[in-house]
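The values are calculated or read from the model by the stated rules, or taken from the named source; none is laboratory data. Just so it is clear, the structure is predicted and the values come from calculations on it, not from any experiment. Positions of Cβ are backbone-derived with ideal geometry, glycine not excepted, and every protein chain shown enters the neighbour counts. We work out accessible area using only protein heavy atoms, side chains counted, and drop any ligands, DNA or RNA first. Shrake-Rupley method; radii C 1.70, N 1.55, O 1.52, S 1.80 Å.
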Amino acid sequence: MLRSLSIEPEKCTGCLQCEMACSYENEGVFNPAKSRIKVFVFEREGRNVPYTCTQCADAWCKNACPTEAIQINAATGAKEINNGLCVGCKVCTIACPFGTVNYNHATGKVIKCDLCGGDPACAKACPTQAITFVDADWTGYSKMRNWAQRTDTQSSAQV
Amino acid sequence: MRYAIIGAGPAGVVAAETLRARDSGGEIILLGGEAEPAYSRMAIPYLLAGQIDESGTYLRHTQGHFESLSIQYVQDLVKALDVESRRLILKEGGSVEFDRLLIACGSHPVKPQIEGLDQPGIHHCWTLEDARSIAKYATAGSRVVLMGAGFIGSIIMEALVRRKVKLTLVEMADRMVPRMMDQTAGNLIKQWCIEQGVDVKTSTRVKAVTPDSSGKARYLLETDGAGEIPADLVVVATGVRPTIGFLAGSAIETRQGVVVDDHLQTSVKGIYAAGDVCEGFDWNSGNRAIHAIQPVAAETGRLAALNMSGCKTLYTGSLAMNVLDSIGLISTSYGAWQGKAGGDDAQQLDASRYKYIKLQFEEDRLIGAITLGITEHVGVLRGLIQSRIALGEWKQRLVRDPSRIMEAYLAKTQ
């Protein structure tokens, strides 16, 4: 069964260990600015919300790519960037309605969460289990996916 | 069932694949008008910039991709459509009969009415063949004049800069990318490009292109506003139009493009249109519109194919969205970025750092946006617009600090 990231913002303390781990795993440096997961801080409400790609079924990024550079990893279900094919046109960054594909100036390619090949560093690093890697059916992503369906240019009909 | 698809760009290719997924036994014929594998015009600037080779522009990279899906890929131009006998007449003399048809033949570049633009050495930058011609002449130090600083012109500009040519960009409007950027952003992009060494001349019209009799350059461009400009190569990027000429005299209703209904069907039953050639609806206003952009091509290609194969799927209109990289300065625009009567806006400008964001609201919903110098989480602007999220108290927070788009989205959805 496919597994996916489950995020429970109410458990997040805002320690940013996930950002550090992601950046180190994927970029080799401890630099939250290079993390594919981002913790958004709501000071007024005292709330922290970790957020990254949901590997959504609609795959807006993949559908919008003109060079077939976003591919599905059959083992993990993750939508992954193939750097050899990505030309850096950035269409996926504006097509993803969740804002979770970003352009990396340093490489001229886009970056997004790829579930670290099936063993996500953010989930391992989270000390409060606000981020866990669980069976896909159990995640809170259904809520986010409902919002995906409300972005209604793309019909919910599935092939 | 026999499906024919005119056009092997993103709309046509996505449609062919969607049809195959829906109908394993149907016959699918994909017609490409150029003697090339199915490729992406969007990738051409990266080819010219030397970042990829020609195969990097291909829409699909697996050997035998279409054969493996039993999609027949035919390289020929469609000369005419006979609606009565449901037949396409091909340029090379053959014909293709169909039960259902998708018109996805895209658009073609147009030259303005200027004397001397039909000479050799004056090129569009639209096809792979154009790119090969440009690559031949756009060599280091050569004098290149690029006519048109719209979206396409501005993308080609970056490629030409990377080829180290001496570049002059001539634009009739008073700023760069006038159909995607407001005055503030368009002027900042211009200023940035000038700083990067491009000679940008806005509010300038080319009057004539003549061979340079002095022999110092290949051509002289006579302008009103900027004197005479010498050029070894002229690239014309002054706009594109839907390719509908071959439909003249057929029963298919056309205006600017092929007119479709809310299922992407044309005025003739069983014949659909998608991509650049298709005149659909603007998602914001509901008005007739052609959004000749990659995401819309892929989306309409898929939706049209669903409808063609019997899965009734509503087309709710297309959202205008663009992203542009002007020699490292990245800009985006979404939806009703010009605003709407009775609406209001919020903006934040840091001109010295080339950072700008402008949001347009209707009541407490986001309807359009422009960004400059921002690459983090820009896609959420689409989410905010197309989910029609009522922002409530977050509208005022965005008015105070428009950069908090991601927080607004999360606060309202999580």
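Structure values in brief
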| item | result |
| --- | --- |
| Total accessible surface hidden between A and B, rounded to 100 Å², 1.4 Å probe | 4400 |
| Cubic angstrom per residue, convex hull over Cα atoms of the stretch B:336-413 | 80 |
| DSSP-defined beta bridges in the stretch B:122-236 - what % are antiparallel, rounded to 5 | 40 |
| Peptide-level mean, for B:184-190, of C-beta atoms on other protein chains within 10 Å | 0 |
| Shielding by partners - mean other protein chain Cβ count within 10 Å, residues of B:371-384 | 6 |
| Reduced Cα scattering model of the stretch A:1-75, Debye log10 I(q)/I(0), q = 0.18 Å⁻¹ | -0.90 |
| Per-residue SASA entry for B:Arg175, accessible area with 1.4 Å probe, Å² rounded to 10 | 40 |
| Alpha-carbon Debye profile of chain B, log10 I(q)/I(0) at 0.08, 0.10 Å⁻¹ | -0.49, -0.76 |
| DSSP beta bridges in chain B [antiparallel fraction, %, rounded to 5] | 60 |
| Principal axis box of the protein assembly as shown, alpha-carbon based, largest edge first, Å | 74, 59, 48 |
| Accessible-area value, A:Thr107, 1.4 Å probe, nucleic acids and ligands omitted, Å² | 80 |
| Binned Cα-Cα distance frequencies in the stretch A:3-150 - 10 Å width, integer % | 12, 42, 38, 9, 0 |
| For the stretch B:282-414, Kirkwood radius (reciprocal of mean inverse C-alpha pair distance, Å) | 15.8 |
| For the stretch B:122-236, alpha-carbon Rg over 2.2 N^0.38 Å | 1.01 |
| Among B:Leu233, B:Leu160, B:Leu264 the positive-end extreme of the charge dipole of chain B (Cβ point charges) | B:Leu160 |
| Dimensionless Rg/Rh of the stretch B:175-293 - Kirkwood Rh, Rg from C-alpha atoms | 1.14 |
| Percent antiparallel among DSSP beta bridges (both partners in the protein assembly as shown, rounded to 5) | 65 |
| Virtual spin-label span in nm between B:Glu84 and B:Asp261, 7 Å along Cα→Cβ | 2.4 |
